[in-house]
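Okay, so here's the structure we're looking at.
The values are calculated or read from the model by the stated rules, or taken from the named source; none is laboratory data. Just so it is clear, the model here is predicted, and its values are computed rather than measured. Positions of Cβ are generated from backbone atoms using ideal geometry, with glycine treated the same way; all protein chains shown enter the neighbour counts.
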Amino acid sequence: MNDDERLYLDNQICFPLYVVSRLTIRVYTPLLEELGITYPQYLVLLALWQKDEQLVGELSKVLYLDYNTLTPLLKRLEEKQFINRSRSKSDERSVYISLTDTGKALKNQAACIPDKIIESLDKGDMNMDEIVAFQQTLLKIMKTIG
């Protein structure tokens with residue numbers, strides 16, 4: 001590959017990742033609109049459904065989001081009454097995030113979303129083995145550069 005070809009759009013690893021990310025979020029959007037949440041809010045809820053009552057710092061690490069991005073998401077989720085924010089009694093600087101009953105109930109409504117996403121991927125040329133391998137590769141990249 002010559003120097004010019006190295007700068008072709010199709011030869012960049014970032015381009016297909018960027019496009020796939022945007023297209024994937026587009027598939028999620030109508031499903032999440034039914035729940036009244038955005039994709040980033042869904043990610044926060046997924047983390048809390050997996051482990052309720054986490055410090056903001058823990059959520060920040062799990063979601064690969066900085067505080068400036070995470071804080072407004074948490075505020076909106078609290079306004080929608082899906083989460084509670086509470087200061088630690090032992091350290092005022094630490095804020096715990098926990099699910100409300102409404103946030104816990106939303107989990108049942110969201111349970112079908114992963115299957116619907118897999119169905120949308122399975123319509124094309126990808127089979128389940130390829131989907132799983134792709135996810136594992138993405139997780140490996142996350143751990144490597146994250």
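Structural remarks
- Some residue of segment 109-118 being out of contact with any strand residue (DSSP E or B) (no Cβ under 8 Å at 6 or more places or on another chain), without any contact (Cβ under 8 Å) to a residue 12 or more places away in the chain and acidic (D, E): yes
- Subset of segment 98-135 (residues that are of a type in the set (S, T, N, Q), in a helix (DSSP H, G or I) and surrounded by 10 or more Cβ atoms within 10 Å (Cβ to Cβ)): T102, Q109, S120, Q135
- Here Q81 clears all of (1) more than 19 Å from L32 (Cβ to Cβ); (2) modelled with pLDDT of 95 or more; (3) in contact with a Ser or Thr (Cβ under 6 Å, 6 or more places away or on another chain); (4) not hydrophobic (A, V, I, L, M, F, W, C) except the condition numbered (1).
- Some residue of segment 30-51 being under 27 Å from M142 (Cα atoms) and at pLDDT below 95: no
- Condition check for S98: of a type outside the set (A, V, I, L, M), within 20 Å of L17 (Cα to Cα) and touching a residue at least 40 places away in the same chain (Cβ under 8 Å): no
- Pairs where the first residue, in segment 1-30, is part of a helix (DSSP H, G or I) and the second is exposed (fewer than 11 other Cβ atoms within 10 Å of the Cβ) and of a type in the set (D, E), C-beta under 8 Å, 6+ apart: N11/E5
- Filter result for K75 (surrounded by 10 or more Cβ atoms within 10 Å (Cβ to Cβ) and modelled with pLDDT of 95 or more): yes
- Single unsatisfied condition, I145 versus (1) under 24 Å from G57 (Cβ atoms); (2) among the aliphatic types (A, V, I, L, M); (3) out of contact with any Lys or Arg (no Cβ under 9 Å at 6 or more places or on another chain); (4) surrounded by 11 or more Cβ atoms within 10 Å (Cβ to Cβ): (4)
- Test for N2: is it under 18 Å from the mean Cα position of the chain (by Cα) and exposed (fewer than 11 other Cβ atoms within 10 Å of the Cβ): no
- Top-ranked residue in segment 31-43 [being assigned to a helix (DSSP H, G or I) and touching a residue at least 60 places away in the same chain (Cβ under 8 Å); ranked as nearest to the chain's Cα centre (by Cα)]: Y42
- Enumeration of residues in segment 47-67 that are closer than 22 Å to T102 by Cα and touching a residue at least 40 places away in the same chain (Cβ under 8 Å): L48, W49, D52, E53, Q54, L55, V56
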